[in-house]
1. Order the peptides 123-130, 297-304 from the highest to the lowest mean number of other Cβ atoms within 10 Å of their residues.
2. Once you put a point 7 Å from the Cα of residue 174 and another 7 Å from the Cα of residue 318, both along the Cβ direction, what distance in nm separates them?
3. Zone of residue 349 (label point 7 Å along Cα→Cβ, backbone N under 20 Å): which residues in the range 291-323?
4. I'd like to compare 71-78, 57-64: which one has the highest average count of other Cβ atoms within 10 Å, and what's the full order after that?
5. Would you kindly state how much longer the chain becomes between residue 40 and residue 187 on full extension, computed as 0.36 nm times their sequence separation minus their alpha carbon distance, in nm to one decimal?
6. For a Förster distance of 22 Å, can you work out the FRET efficiency between the beta-carbons of residue 106 and residue 55, rounded to the nearest 0.05?
7. Going by how many other Cβ atoms sit within 10 Å of their own, how do 46, 344 line up, fewest first?
8. Of the peptides 271-284, 85-98, how do they stack up when ordered by the mean number of other Cβ atoms within 10 Å, highest first?
Amino acid sequence: MPTLLLYGSYGFVGSLIANEAIDRGLDPILAGRDRETLREQVDDLEQPGRRFSLDDPDTVAEALEDVDCVLNCAGPFSNTADPLVEGCLESGTDYVDITGEIPVIESIEDRDAAAEGAGVTLLPSAALSTVPMDCLAAHLHERLPEATDLALGVDSFRVPSIGTVRTVIEGAEDGGTIRRDGHLENVPTAWRTREIDFGRGERPAITMPMGDVSTAHYTTGIPNVEMYAVMPQPARTALKLHRYLAPVLAVKPVQQVLKLLAGVREGPSERARERGSAYIWGEATADDGERVVSRLRTPDPYIVTTDAAVTVTERVLAGETDSGFQTPAGAFGTELVFELEGVEGFFDESTPEETSPVSPLLQ
Ligand SMILES: NC(=O)c1ccc[n+]([C@@H]2O[C@H](COP(=O)([O-])OP(=O)(O)OC[C@H]3O[C@@H](n4cnc5c(N)ncnc54)[C@H](OP(=O)(O)O)[C@@H]3O)[C@@H](O)[C@H]2O)c1
C-alpha cells in the first residue's frame, strides 16, 4: 500500500482529516513539529507518528524518503508549504495541501517545471477553497468557452476555526487580490460589493482574496477572475475599515495580539458542522455580452474540506495524476466535486442574452 504522511495532523482540520483518512483505510503517518501533542494523537488513534520541524530542508527531505504522498494541513501555509514542497521535490514525494492562500498557490505553480523533472505531483487547495469553485469554474468554461471574465462566490459565513482566523490575519497585510488580463492585481480590501443570488435570493458579497483567483485561472485560462464572499454587515464594515488599518495590521506585535485574541475561539462543533452548508455561485461572461450562471450547494465548509482533501489524496496515491503543478478540476475534471458526499448541482441558469434558453445540462 502507498505511504501517506499527514503533516499538521493534530490541528483542528488536520484531526478531522486524520480520522477520515483512517476510516477510509489510508493508514496515514501522523506528523507535526510538537512532540507532546503528536504523541497524544498517535496514542489516541493508534497510528504511526513522525515528529519533524520544517526549519531544516535536509531533515524534511529525509523525513519524506519513504513517503509516497504528503497531505499538508499545517497553516498558515505561507510558513509550511515551501519547505514541504522542496522536501517533496528532493525525495520524489507527491504533495497535496488545503491552502486557500493566493501567494502560496502561486509559488507552488512556480515549481511546475521542477516537479515535472522530479516526476512529482504538486496539488494545492484540495479544500472548500478550491475544489467546488474550481469544478464550477471548469463547468462554466465548458458552457461558454469564449468567456473572458469569471466571477465566483461563496455564501457560507460561519464561525471559523482558530487556524483560519490566524491565516486571515497573516494575509491581511496583502489587502485584496483579483486577476486582470491574466495577472494578479492588488486591490483594496473589500474592493467591490455585489448583490449575488446564490439560489436563495440576493445577498451582498464582497471581493475576497481567496485561492480560487489562482486556481480557476490555471484550470480555465480565463484571464479575468474575481472571487466574492458573503459577509454580514459588521464584517463588511470591518473589512472596509481594514483599508485604512492595513499599515497597522501589518505590524508584527499587532498581529500577535490579534492571534492571541483569535486563540480564545474554538472551531465549529460537530453539531454545527453537521447543520452547516455552503452555496457556491459562478458567472462567466464573454466580450459579446453572453453570460452564463451556475450554482452548487455543498455541506458545511469543514466537512467539504475534509472530504475533498482525502478524496484528492486517495486519487493522487492511486497514481491518477500527471507530474507538475495541478489544480483540482485540471487534474480530475468537473465531476470531481460530485465525488464529495452531499454536493448538489450544477444548477444552470440561462439569461435572456444567451442564445440557448436552456443549458445543455438541463436538456
Ligand atoms: N482552503 C480552505 O477552504 C480551507 C478550509 C479550512 C481550513 N483551511 C486552512 O487550513 C489551515 C489549518 O486550519 P486549522 O483550523 O486546522 O488550524 P490549527 O488548528 O491552528 O492547526 C494548524 C496546524 O498547523 C501547524 N503549524 C502551523 N504553523 C506551523 C509551522 N510553521 N511548522 C509546523 N507546523 C505548523 C500547527 O502545529 P503547532 O500546534 O505545532 O503550531 C497545527 O498542527 C489554516 O491555514 C486554514 O486557513 C483552509
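Taken together, the values in this text are just the output of simple stated rules run on the coordinates, not laboratory data. If you're wondering where the values come from, they're calculated on a predicted model, not measured in any experiment. FYI the Cβ positions are ideal-geometry reconstructions off the backbone, even for glycines, and counts take in every protein chain you see.
1. Details: 123-130: 29.1, 297-304: 22.8.
Highest to lowest by the protection proxy: 123-130, 297-304.
2. 3.2
3. 291-299, by backbone N distance to the label point.
4. So the peptides 71-78, 57-64, ranked by packing, come out 71-78, 57-64.
5. 48.5 nm
6. Using R0 = 22 Å, I get an efficiency of 0.40.
7. Working: 46 7, 344 14.
In increasing order of surrounding Cβ atoms, one gets 46, 344.
8. Sorting 271-284, 85-98 by mean packing, highest first, produces 85-98, 271-284.
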